[in-house]
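Some notes on the structure that comes next.
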Amino acid sequence: MLALQFRLCCFASARRYYSSLFAASICCSSSSSRIFPIQPRSEALCSSRSSSSSNSSSNSSKKKSHDAKMGEDTAAATTDPQQQQQQPELQGQDESEVQQQLQQQLEQLQQQLQQQRAEAARLNETARVLRKQHDGGPEVAAAAAAVAAARERVQQLEQQELLLQQQLQQEEVPHFIKYKQQFERLLKRRFFVVPSFEIYGGSAGLYDLGPPGCALKNEVENLWRSHFVLEEDMLEISGTCLTPYAVLKASGHVDRFTDFMVEDEVTGECFRADKYLEEVIDKRIEELQQQQQQQQEQQQQVQREIEELELLRRQADALSQQQLQQHFKSLAAKSPAGNPLSAPYPFNLMFALNLGPKQSSSSSSSSSSSSSGSSSSGSSSNGENRSSAQDPASSPKAPSSSKDSSSSKDSSSSSKDSSSSSSRSSRGFLRPETAQSMFVNFRRLYEQSSSKLPFAAAQIGLGFRNEISPRGGLLRTREFWMAEIEYFCHPEKKQQHEKFAAVQQLLLPLLPQQQQLRGGGALRALPLAAAVQQQQVANQTLAFFLAKTFLLLLKLGIKKPFIRFRQHLNSEKAHYAADCWDAEVFTSSGWVEVAGHADRAAYDLSHHAAASHVDLTASETLNPPLKENFLKPFFDKKLIGTVFKKQQAAVIAAIECMQEQQKQQMQQQLLASGTYTLTLDSSSSSSSKTDSCSADAVSNSSSNSSSSSSSSSVVVTKEMVRFEESSRTVHERRYTPSVIEPSFGIGRIIYCILEHSFCSREIKGQEERVFMNFPAQIAPIKVLLLPLASQEPLLLLLQQLRQQLLLLQLSSKMDCSSASVGRRYARADELGIPFAATADFESLKDFSVTIRERNSMQQVRMHADKAPKVLFKLCRGLATWQQILDKYPLVTVPED
C-alpha cells in the first residue's frame with residue numbers, strides 16, 4: 001500500500017473541514033497529519049499557474065525552470081544526508097524511475113513499520129502484565145526498557161517514512177476547497193446550476209441546469225454512451241418514469257426502499273438518522289479536540305475516544321434501527337433547536353401516485369403521505385438497504401409509542417388486504433431507479449441479442465427519491481439523472497470476462513470491508529488481477545466494470561488521487577445485492593458516491609418471474625447431453641378435483657413447478673405425516689405451465705407466500721400425489737441469468753467535474769480570475785470565436801470558420817462585445833471553453849487566425865483553413881497542445 005492511503009473523515013461542511021486541515025487528531029494515517037488525498041506533482045490539480053506575463057514563451061520557460069529548481073531544493077532540504085547515501089542508485093535516472101523506486105522503498109518501509117508497531121504493542125502488553133504481577137524487580141525493568149527501545153525504533157521508522165513521503169509527493173489544497181466561495185459564485189453567475197423556482201424561494205432538492213450546465217450534461221452522457229454502450233455493444237432502451245405498484249412490490253422497493261428518520265419532537269423537523277448522527281459525532285470530536293489541547297494529562301484517553309467516534313462515523317450508514325437509537329442516546333443527541341429527538345423509524349423514499357382517475361382509499365393516503373414527506377428537511381443519501389419499512393401508502397409520521405406504532409401497522413395491513421386488484425392496479429410510483437424497465441423487458445432484450453448470453457442493456461433517464469432532507473446541491477436531490485447498465489450473464493460464468501485481460505494490471509484504489517473496519521486506507525498498489533485472485537473483488541465481471549468506471553472518471557477530468565472504490569459492509573448492502581462497490585470521489589463535502597456496482601445475482605428476474613408468472617430465463621444447449629434423475633409426480637386428479645374443485649389446476653401446477661429439492665421435502669413429509677401444506681397464488685390457476693414454471697426462474701409458491709398478499713394454503717394428502725424416481729436425457733438447460741449492475745448518478749458526476757475543474761489563476765489581487773479546466777472532450781462549448789475589431793472582413797472570416805466547425809460537430813460561441821480582449825478571454829475561461837480563435841489585423845493580410853489554449857493562455861498563429869482540422873483534433877483528443885506548439889509559431893498577445 002502507498003504511504004498516502006488515508007482514513008479520511010470528511011466533515012459535512014467544507015469550511016469546517018478546511019479549518020481543521022492541520023489538526024493532528026484528524027483521522028489520517030498514523031505517521032501523517034495530512035487531511036487531503038495527496039496529489040503527485042505530475043497530477044497537480046491545475047496544470048498551470050499563470051501570471052499576467054505568462055503569454056511570453058521566454059518568461060514561461062524561465063518560470064518552469066525556476067519551479068523545477070525550487071522543487072529540487074525543497075527535496076534536498078527535506079532529506080537528511082543518511083537518507084541520500086542510502087539511495088545512490090536513484091541518481092541519473094528519469095523522474096518516473098526515481099518515483100517508482102522511491103515508492104518501492106516506501107512500501108517496504110511501511111511493512112517494517114507495521115511489524116514494529118505490532119511488536120511494540122506486544123511488548124507493552126507484556127510489561128503491563130508484569131507490573132501487575134510484580135511491584136518491581138529486574139523483569140519489570142527489562143520489559144520497560146524493551147518497550148522504550150521498540151517505541152524509539154517506531155519513531156525512527158516514522159521519520160524515515162515522512163522523508164520518503166516528502167520526496168514522493170507534494171500536498172496541495174484543492175482549489176474547490178481553497179476558493180470555495182469563488183466557486184459557488186461562479187456556478188450561479190454563469191448559470192451552470194441554480195435552484196428550481198428561484199423567484200418563489202426555490203424548493204428543496206430541485207435544481208435547474210442553465211445553458212452551460214445542460215451542455216455539460218449532454219457531453220457527459222455522450223461520453224458515457226461512447227465509453228459503455230458503443231464500446232461494449234450494449235442494447236439501449238428508454239423506459240417510462242411511471243411504475244405500477246406490482247412491479248416495485250415484486251422488486252422489494254415497496255417494503256425495503258427506506259431510510260431511517262428522526263424528528264424534532266417539538267418542531268416536527270425531520271432528519272435522516274445516520275447522517276444526523278454523523279453531524280452529532282463531528283461536533284463531539286471537535287469538543288474532544290479542544291479538550292485534548294487544554295488537558296494534556298488526559299490526552300491518550302481523549303485520543304482513544306476520538307478514534308472510537310471516527311470508527312462509528314464511518315459505519316453510521318450501516319447501523320440498524322436499534323443501534324442508531326442506542327448511539328443517539330449515548331451521545332445525548334438533541335435537534336439543532338435543542339429539542340429531544342424521536343426514536344429512528346423507517347421512511348419509504350418513493351413518490352407514490354395514482355395512475356388514472358380512479359382513487360382508492362389506500363392510494364389517496366399514499367398521495368398525502370408523499371406530499372407530507374416532501375416537506376421534510378435534513379441530510380440524506382440514497383438508501384436501499386433498510387428493512388421493516390412502512391408501505392409508502394402509510395403515513396410517515398413518527399410513532400409516539402410502540403402501541404401507536406403497532407396499531408398503525410395493523411391498520412395499514414388490513415387496508416392492503418382489503419384493497420381489490422383493480423384499485424391496486426391504479427396505484428403507482430415515480431421510479432426510484434431505471435433498472436426495473438430493463439428487467440421486465442428481459443425477454444425482448446434476450447431476443448434482440450439472438451438469445452445468447454452475456455449481453456448488456458443500458459438506459460439513461462430520470463429517477464425520483466423523496467429524500468428526507470436534501471442538501472449539498474446536485475449531490476442530494478429528489479429528481480436526478482441516472483445512467484444504468486444491466487449485464488446479464490450465466491451465473492456460473494461471471495467469474496470470467498473476455499475483456500478482463502485488457503484491464504487486469506490497472507491499479508484501482510480499492511477500499512474493501514476489512515480495510516474499513518480496521519480504519520485503513522485504500523489499496524492503491526494492488527493490481528486488479530490480484531484483487532480478484534485474493535477475493536477482494538468477487539469476480540472478473542464485476543472487476544471489469546470497476547475498471548471501466550475508473551477509466552471513465554479519468555476521461556471526465558476527475559483527479560486520480562481523489563477516486564476510490566469502497567466495498568459495502570454486509571449490513572450496508574441493498575436488499576438485492578450479493579456484493580456492491582461504490583465509486584467515490586473526494587469533494588468539498590467529503591467522499592461522495594458517484595456510481596454503484598452491484599452483483600444483483602438473480603434477485604430481480606426471479607422475483608419478477610414469480611410475481612408475473614412469466615418465464616424470465618435463458619437457455620443453454622448441453623453438448624454432450626446430460627442424463628439426470630428426478631422425481632416424477634403422479635396425481636389422483638379425481639380426488640384432487642373432488643376436494644379442491646376449481647383449485648385443481650393450481651394445485652397440480654404448483655407441484656409440477658417444484659424444484660427437485662422441494663419435491664424431496666414434500667415426499668418426505670407425506671411419508672412421515674401423510675399431509676403437506678401447499679401455498680397457492682390466486683393467479684396460478686390462470687397461468688400456463690410454460691409461463692409459471694420454468695427451471696430456476698420460479699420457486700415453489702409456498703416459499704414466496706410472504707410476497708403475495710392474495711395467496712392461500714391447501715393441505716395435500718399422500719393419496720392425492722405420489723412421487724417415483726425417473727430419469728431423462730437433458731439436451732437443453734434453462735437458468736435464471738445473474739446480473740451485474742453499474743449505476744451512475746449523472747448529477748453527482750457533473751458536480752464532481754465542476755469542482756475538480758475549478759481553478760484559479762492565483763494572481764494577487766485578482767482572486768476572481770478563475771477558470772473551468774474541463775477536458776476538451778466534454779467542454780460545453782469547444783471554441784470561442786473572437787474578432788479583435790468589429791470590421792466586416794473579420795466577422796465574415798469567423799462566420800466561415802464557424803460553419804466549418806459546425807460541419808465537424810464542434811460547438812462555438814462568438815463574442816463581438818466591446819469589452820477588451822483580455823476580458824472576453826476571461827469570460828470564456830469561466831465557461832471552460834478550451835480554445836479561442838481570434839481574427840486580428842494580421843488576418844486581413846494573410847487570412848490567418850490565432851488559436852489560444854485556455855490553461856496556459858498560449859497562442860499560435862495558423863492559416864484559417866487549417867484551424868478547423870486542428871481544433872477538431874484537439875477537441876477529440878487526437879492531438880495535444882504541445883504537438884501544436886511544435887508545429888506552429890508561438891505568438892505573444894497581451895490580455896490586459
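Observations on the structure shown:
- For the stretch 521-555, a tally of residues being of a type in the set (G, A, S) and touching a strand residue (DSSP E or B) at 6+ places or on another chain (Cβ under 8 Å) returns 5.
- Test: M862 is in contact with a helix residue (DSSP H, G or I) (Cβ under 7 Å, 6 or more places away or on another chain) and either outside any loop (DSSP other than H, G, I, E, B) or assigned by the TED database to the domain that holds V783 (or both): yes
- Single match in R861, R854, R876 (criterion: touching a Pro at 6+ places or on another chain (Cβ under 9 Å) and within 17 Å of P775 (Cβ to Cβ)): R854
- Residues of the stretch 474-516 satisfying the condition of being free of Cβ contacts under 8 Å to residues at least 12 places away in the same chain and of a type in the set (A, V, I, L, M): A501, A502
- Residues that are among the aliphatic types (A, V, I, L, M) and within 30 Å of R748 (Cβ to Cβ) within the stretch 594-650 comprise V594, A595, A598, A601, A602, L605, listed in sequence order.
- Restricting L806, L785, L796 to those that are exposed (fewer than 14 other Cβ atoms within 10 Å of the Cβ), in the same structural domain as V870 (by the TED database) and under 30 Å from V194 (Cα atoms) reduces the list to L806.
- Annotation for the stretch 223-237: at least one member residue is surrounded by 17 or more Cβ atoms within 10 Å (Cβ to Cβ), modelled with pLDDT of 90 or more, in a strand (DSSP E or B) and touching a helix residue (DSSP H, G or I) at 6+ places or on another chain (Cβ under 6 Å).
- Residues of the stretch 832-849 satisfying the condition of being part of a loop (DSSP other than H, G, I, E, B) and without any contact (Cβ under 8 Å) to a residue 60 or more places away in the chain: I833, D840, F841, E842, F847
- Selection within the stretch 843-875 - among the basic types (K, R), buried (at least 21 other Cβ atoms within 10 Å of the Cβ) and over 17 Å from R802 (Cβ atoms): R854
- Any hit, the stretch 821-828, residues being at pLDDT below 95, assigned to a loop (DSSP other than H, G, I, E, B) and surrounded by 13 or more Cβ atoms within 10 Å (Cβ to Cβ): no
- Test: residue in the stretch 520-534 that is in a strand (DSSP E or B), modelled with pLDDT of 90 or more and farther than 19 Å from V585 by Cβ: yes
- Among (1) within 30 Å of F455 (Cβ to Cβ); (2) surrounded by 12 or more Cβ atoms within 10 Å (Cβ to Cβ); (3) not basic (K, R) - the single one T621 does not satisfy: (2)
- Failed item, numbered, when L462 is tested on (1) surrounded by fewer than 19 Cβ atoms within 10 Å (Cβ to Cβ); (2) under 22 Å from the mean Cα position of the chain (by Cα); (3) part of a loop (DSSP other than H, G, I, E, B): (3)
- Pairs where the first residue, in the stretch 591-605, is in contact (Cβ under 8 Å) with a residue 24 or more places away in the chain and over 16 Å from S743 (Cα atoms) and the second is among the basic types (K, R) and crowded, with 21+ Cβ neighbours inside 10 Å, C-beta under 9 Å, 6+ apart: W591/R564; W591/R566
- Assessment of the stretch 819-830 against the conditions (under 20 Å from V193 (Cα atoms) and of a type in the set (S, T, N, Q)) yields no matching residue.
- Taking the stretch 437-459 as the range and being part of a helix (DSSP H, G or I) and surrounded by 23 or more Cβ atoms within 10 Å (Cβ to Cβ) as the test, the residues that pass are M438, F439, F442.
- Scanning the stretch 496-524 for residues that are surrounded by 14 or more Cβ atoms within 10 Å (Cβ to Cβ), more than 21 Å from the chain's Cα centre (by Cα) and among the hydrophobic types (A, V, I, L, M, F, W, C) returns a single hit, F500.
- The test for being in the same structural domain as K329 (by the TED database), assigned to a helix (DSSP H, G or I), over 23 Å from the mean Cα position of the chain (by Cα) and among the acidic types (D, E) does not hold for E279.
- If you check V194, V220 for being in a strand (DSSP E or B), among the aliphatic types (A, V, I, L, M) and either in the same structural domain as S450 (by the TED database) or free of Cβ contacts under 8 Å to residues at least 60 places away in the same chain (or both), only one passes: V194.
- Restricting the stretch 466-489 to residues that are closer than 23 Å to F192 by Cβ and of a type in the set (D, E, K, R), the residue that is surrounded by the fewest Cβ atoms within 10 Å (Cβ to Cβ) is E479.
- Any chance Q791 is at pLDDT 95 or above and either of a type in the set (V, I, T) or surrounded by fewer than 21 Cβ atoms within 10 Å (Cβ to Cβ) (or both): no
- Taking the listed residues S713, S743, the one that is at pLDDT 95 or above, farther than 30 Å from N623 by Cα, surrounded by fewer than 24 Cβ atoms within 10 Å (Cβ to Cβ) and of a type in the set (S, T, N, Q) is S743, with no other qualifying.
- Enumeration of residues in the stretch 264-286 that are of a type outside the set (D, E) and more than 18 Å from S469 (Cα to Cα): I281, K283, R284, I285
The values are calculated or read from the model by the stated rules, or taken from the named source; none is laboratory data. Computed from a prediction, not measured in an experiment: that's the story for all the values here. Note that we place each Cβ from the backbone using ideal geometry, even for glycine, and neighbour counts take in every protein chain shown.
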